[in-house]
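All remarks here apply to the structure that follows.
Bear in mind these aren't lab numbers, they're just calculated from the coordinates by the rules spelled out. None of these values were measured; they are calculated from a predicted model. FYI the Cβ positions are ideal-geometry reconstructions off the backbone, even for glycines, and counts take in every protein chain you see.
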Ligand SMILES: Cc1ncc(COP(=O)(O)O)c(C=O)c1O
């Protein structure tokens with residue numbers, strides 16, 4: 001076995017000519033901070049893509065989550081139900097707002113929150129559900145809405161990983177009260193660092209705008225009655241975003257094609273579970289995940305090492321919120337177990353999935369996976 005010197009990367013951003021032109025325009029005109037026409041255009045284009053009226057550009061996806069949960073204005077002590085299998089920002093946004101995160105396990109096939117467990121976790125303190133679309137596959141937002149309606153809950157959607165994914169034909173982000181996006185460099189549409197909150201509710205949009213801009217009051221500028229931070233997106237970042245949104249359909253189509261092709265190349269491979277696509281959904285395969293069977297003798301760490309030795313870079317799956325020392329140290333989730341999350345956290349990883357991945361590279365990745373599994 002020879003150790004490869006250059007790895008097939010998990011992701012490289014795809015940046016077009018328009019992005020360069022728009023950024024050059026910002027630099028030439030001096031509109032380089034958060035004032036400027038590209039921010040507004042990016043907000044309008046993205047909100048419209050998500051099928052809702054308002055978009056509020058923000059510094060990153062984590063800030064989008066913080067601002068969205070804060071905008072709900074739930075009284076301290078109330079609870080928010082979210083998946084155990086997600087990024088830590090989801091839980092931190094809940095804590096920052098003085099609320100309590102309550103977890104449900106995830107579905108073993110879609111890796112998204114198990115909606116059958118949500119009703120059982122509703123109490124009289126529950127105020128919201130945070131639905132997180134995982135690795136490109138959406139949560140069934142119609143089922144979430146049904147639960148939310150029954151119990152009078154608000155819905156925050158974390159669509160950071162699922163730009164353009166659909167639930168019964170409707171795009172993610174616009175399917176709850178507030179939808180959160182990340183435009184980090186590995187996202188389908190990117191601004192380098194960046195995020196957005198989209199909503200159909202003008203008042204919620206205004207609260208997010210205020211939170212992102214230090215809660216300055218229109219009537220008396222340096223007089224503050226709310227908490228707000230500086231989480232503004234720059235016009236330069238938004239200029240990249242405008243160029244990216246102009247090609248979003250091709251980007252999403254390319255991701256779906258990459259997902260389809262991996263499915264074909266890895267079909268019949270024993271010892272790994274591949275991503276699925278429920279019949280009511282379109283999966284955008286933001287990252288193409290694999291869950292390795294314990295019976296192969298591999299866990300995600302040893303599988304990743306074996307792939308790395310064959311020239312393929314990977315990333316591990318999330319570790320469950322209930323296993324995070326920083327949350328457990330705050331007295332959260334003591335003794336709670338989420339078996340599906342625990343298994344996929346240990347056995348799951350994702351393959352190179354970027355928009356610049358070539359057909360040849362994809363074939364090499366699949367061949368490496370087959371080789372590690374022993375043919
Ligand atoms: C599901 C999910 N939510 C939120 C975020 C946070 O986004 P950002 O990295 O832009 O802060 C990410 C991360 O990339 C994510 O995967």
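Points worth noting:
- For segment 1-157, the direction-averaged projected area of the alpha-carbon convex hull comes to 13.9 nm².
- Relative contact order [Cα under 8 Å, 6+ residues apart], the chain, whole percent: 23
- Using the alpha carbons alone, the radius of gyration of segment 214-329 stands to its Kirkwood radius in an Rg to Rh ratio of 1.14.
- Short to long, the 10 Å bins of the Cα pair-distance histogram for segment 103-252 hold 11, 34, 33, 19, 4, 0 percent of all pairs.
- Tail fraction, Cα-Cα pairs, segment 326-372, threshold 12 Å, whole percent: 74
- The chain: C-alpha pair distances exceeding 37 Å, %: 20
- Averaging Cα coordinates gives a centre for segment 75-95 and one for segment 262-286; these two points are 29 Å apart.
- Counted over segment 1-143, the DSSP beta bridges are approximately 20% antiparallel.
- Taking every Cα-Cα distance in segment 1-89 and sorting them into 5 Å bins starting at zero, the pair-distance distribution P(r) comes out as 2, 9, 11, 15, 17, 13, 11, 9, 6, 4, 2, 0 percent.
- Alpha-carbon centroid distance for the pair segment 168-191 / segment 309-340, whole angstrom: 24
- When each of 269, 112 is scored by the number of other beta-carbon atoms lying within 10 Å, the sequence from fewest to most is 269, 112.
- In terms of the mean number of neighbouring beta-carbon atoms within 10 Å, the peptides 282-295, 28-41 order highest first as 282-295, 28-41.
- Nearest-0.05 FRET efficiency for residue 29 and residue 250, computed from C-beta distance (R0 22 Å): 0.20
- Take the Cβ atoms of residue 260 and residue 146, set R0 to 45 Å, and the FRET efficiency comes out at 0.90.
- Burial ranking of peptide ranges 322-328, 79-85 (average Cβ count within 10 Å, highest at the top): 79-85, 322-328
- Intensity falloff of segment 269-349 expressed as log10 I(q)/I(0), Debye formula with alpha-carbon point scatterers, at q = 0.11, 0.13 Å⁻¹: -0.38, -0.52
- Each peptide in 49-59, 271-281 gets a packing score, the mean of other Cβ atoms within 10 Å over its residues, and the list from highest to lowest is 49-59, 271-281.
- Full-stretch length increase - residue 361, residue 185 - with 0.36 nm per residue and alpha-carbon distance subtracted: 61.4 nm
- Counted by neighbouring Cβ atoms within 10 Å, the residues 358, 166, 191 run from fewest to most as 358, 166, 191.
- Normalised contact order of segment 222-375, rounded percent, pairs of Cα under 8 Å and 6 or more residues apart: 26
- Extension gain (nm, one decimal) between residue 44 and residue 96, 0.36 nm per residue minus Cα-Cα: 15.9 nm
- GNM flexibility winner over the chain from 229, 135, 22 (Cα, springs under 10 Å): 229
- Take every DSSP beta bridge whose two residues both sit in the chain; close to 55 percent of them are antiparallel.
- Additional length obtainable on full extension of the chain from residue 170 to residue 267, 0.36 nm per residue less Cα span: 32.0 nm
- 20, 212 arranged by Cβ crowding within 10 Å, fewest neighbours leading: 20, 212
- Fluctuation leader among 62, 225, 150 - the chain, Gaussian network, Cα springs under 10 angstrom: 225
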